[in-house]
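Here the structure is laid out as structure tokens; the discussion comes afterwards.
Since every read-out is calculated from the coordinates, none of them should be taken as a lab result. Just so it is clear, the structure is predicted and the values come from calculations on it, not from any experiment. No Cβ is skipped: glycine too gets one built from the backbone with ideal geometry, and neighbour counts run over all protein chains shown.
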Ligand code: ASP
């Protein structure tokens, strides 16, 4: 049997039971199961962790419940500007894209940047031009429009505030980490960022070493939360360093970041991570985090709240 592990998230934040209906909770859980299956089915057939994290993230990007791809929030100018990244732990190959509009699945663009460009990150119009050359699917603005997102943006505009997706309680950045049968680790993250964010704002999700990191020697990490604080804490790479240089286990290293270092600077959020042995960690310091994991031993978890 193929050995594998995969974990995903759909954002962390103030997810209150009181604002959740049974039917909405079911929709979230179904979407998380579908994304886990998209990745795990590839891994079961001996597919690569890189393909698995991409498949899981594409599934979440296509679901309007999450703040990535189709469900992306509005920026201050009323546009959808999306960030995404993907990394393979074997040779530390990475691809990232920032501030792109009208790209249906930004993680697919990050992947072609990894596979087919000599660069790690492309931004805005240059990234969109490359997407066009590579045959990446575009979608018109109305594909990304939803009444609820528009309302959130109007409220944020009226109050002159920038809100993290998790401030909105029900939406989140998406990400996945996986270990495949060849022992390769991979991570991917995709987001619409923050409601009413400044035009050109870049969060942690496309920053290799912050929101996304993978290294076969240690672990793969995908983060969600207050991006500025996750950039300043270099979360993904710091977890890897704690394991590599200090000998911490995956869960010990994740706890140092999520429950100590981030807390000390006011960084709310969480992450999913997997190590080279297939161990999984899904810690968060917020009210909840949409998350799930599957492994070859038969573990299958989908959860929203702490318990
Ligand atoms: N980390 C994302 C950002 O700051 C937001 C999130 O995780 O929901 O863009």
* Asked: Order of 86, 136, 113, 263 from fewest to most other C-beta atoms within 10 Å?
  -> 263, 136, 113, 86
* To do: Please state, to two decimals, what the Cα-based radius of gyration of region 82-191 comes to when divided by 2.2 N^0.38 Å (N = residues).
  => 1.22
* Would you work out if region 1-67 is rounded, prolate or oblate? Take a ≥ b ≥ c from the square roots of the eigenvalues of the alpha-carbon gyration tensor; rounded if a/c is under 1.5, else prolate when a/b is larger than b/c, oblate otherwise. => prolate
* Asked: Relative contact order for the chain: what is it in percent, counting Cα pairs under 8 Å that are at least 6 residues apart?
  -> 26 percent
* Once a ≥ b ≥ c are taken as the square roots of the eigenvalues of the Cα gyration tensor of region 131-278, is the result rounded (a/c under 1.5), prolate (a/b larger than b/c) or oblate (a/b not larger than b/c)? -> oblate
* Asked: If you average 1/r over every pair of different alpha-carbon atoms in the chain and take one over that average, what Kirkwood value in Å do you get?
  -> 18.4 Å
* Rounded to the nearest 5, what % of the DSSP beta bridges within the chain are antiparallel ones? -> 95 percent
* Asked: Measuring from the lowest to the highest alpha carbon on each principal axis, how far does region 209-307 reach, largest first, in angstroms?
  -> 38, 32, 18
* Ranked by Cβ crowding within 10 angstrom, fewest neighbours first, how are 123, 230 ordered? -> 123, 230
* Structure fact -> Semi-axes of region 89-154 from the Cα gyration tensor (sqrt of 5 times each eigenvalue, largest first, whole Å) come to 26, 13, 10
* Asked: Which value at 222 nm does the chain reach when only helices count, each DSSP H run of 4 or more adding -39,500 (n - 2.57), with the total divided by all residues and rounded to the nearest 500 deg cm²/dmol?
  -> -9500 deg cm²/dmol
* Kindly work out what percent of the DSSP beta bridges joining two residues of region 32-173 are antiparallel, to the nearest 5. => 70 percent
* Share of Cα-Cα pairs in region 1-124 beyond 19 Å, in percent? -> 54 percent
* Residue order, fewest to most surrounding Cβ atoms within 10 angstrom, among 121, 20, 282 -> 20, 121, 282
